1. Please state the relative contact order of the chain as a whole percent: Cα pairs under 8 Å, 6+ residues apart?
2. What nm value, rounded to one decimal, do you get for the distance between Arg102 and Ala57 when each label is placed 7 Å out toward the C-beta?
3. Treat every Asp and Glu Cβ in segment 56-188 as -1 and every Lys and Arg Cβ as +1, leave all other atoms uncharged, and give the resulting dipole magnitude about the Cα centre to the nearest 20 debye.
4. Which order results if His46, His129 are arranged by neighbouring Cβ count within 10 Å, fewest first?
5. What are the membrane-span-like helices in the chain by this rule: whole DSSP H runs, Cα extent along the axis at least 18 Å, mean Kyte-Doolittle hydropathy at least 0.0?
6. Calculate for the chain the 222 nm mean residue ellipticity that helices alone would give, adding -39,500 (n - 2.57) per DSSP H run of length 4 or more and normalising by residue count, nearest 500 deg cm²/dmol.
7. I need Ser55, Ser11 ordered by Cβ neighbour count within 10 Å, fewest first.
8. Quick check: residue separation of Ala40 and Gln139 times 0.36 nm, minus the Cα distance between them. What number comes out in nm?
Amino acid sequence: MSISRQRLNQSESRSVALEAARRILIDKGPQAVTLKAVAAEIGRTHANLLHHFGSAAGLQAELARTIADRVNAAIAEAVQRFREGRSAPKEIVDLVFDAFDREGAGALAAWMILNGNKEALNPVLGAIHDLVDRLAQGQPGRPVPEVTLSLILGAVGDSLLGQPIAQALGLPGDAARRLALETLVRQLGC
């Protein structure tokens, strides 16, 4: 879906491009997130996007950072609701697993790593580290880093191979998500 050609400031142009890149990621996979594809989607030129992102790898890195920021904010809110007794651990697990599966973050991260763009994940890893630091404040003795590692690795693995492995083992498709929830509940003692 192209937008009509209109004058956008730099921030708006980047935002429109990132939203188009996100749609392409979800619809067609990380290999389809190219400057050319995003430019066609939003009615801009390849050169315009090159100006904003520097390269396809730069676009993908910014997309990963944007997804991480949005997901981290949602997780922080869900954790706060959980601590206030207004939600259950399942909401947190679902947010993490959905981010890596339905939002395409797992496939994008794997694609970037396999294409030698590991450094592009640094802002994402930094955002996760900052989130863990915030969540750990006032929670002495809570295994926040360990819980986070377990959830993220489970969610990434599930997004890439969960369905076929579960099927091969005769397990339901949501087995990894269910196991992550059981682990989270056990680790948090709730």
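1. Numbers: 192 pairs, mean separation 38.6, N = 190.
Answer for the chain is 20 percent.
2. Going from the Arg102 label point to the Ala57 one covers 3.3 nm.
3. So the magnitude is around 260 debye.
4. Numbers: His46 15, His129 12.
With the sparsest Cβ surroundings first, the list reads His129, His46.
5. In the chain, the long hydrophobic H runs are 56-83, 122-136, 144-157, 175-188.
6. Helices in the chain give a 222 nm mean residue ellipticity of -22500 deg cm²/dmol.
7. If I rank by nearby Cβ atoms, fewest first, I get Ser11, Ser55.
8. On the way: separation 99, 0.36 × 99 = 35.64 nm, distance 4.78 nm.
Separation in residues times 0.36 nm, less the Cα-Cα distance, equals 30.9 nm.
Just so you know, all these numbers are worked out from the coordinates, no wet-lab data involved. As the structure is a computational prediction, the values presented were derived from the model and not from experiment. Virtual Cβ from ideal backbone geometry, glycine too; neighbours counted across all protein chains shown.
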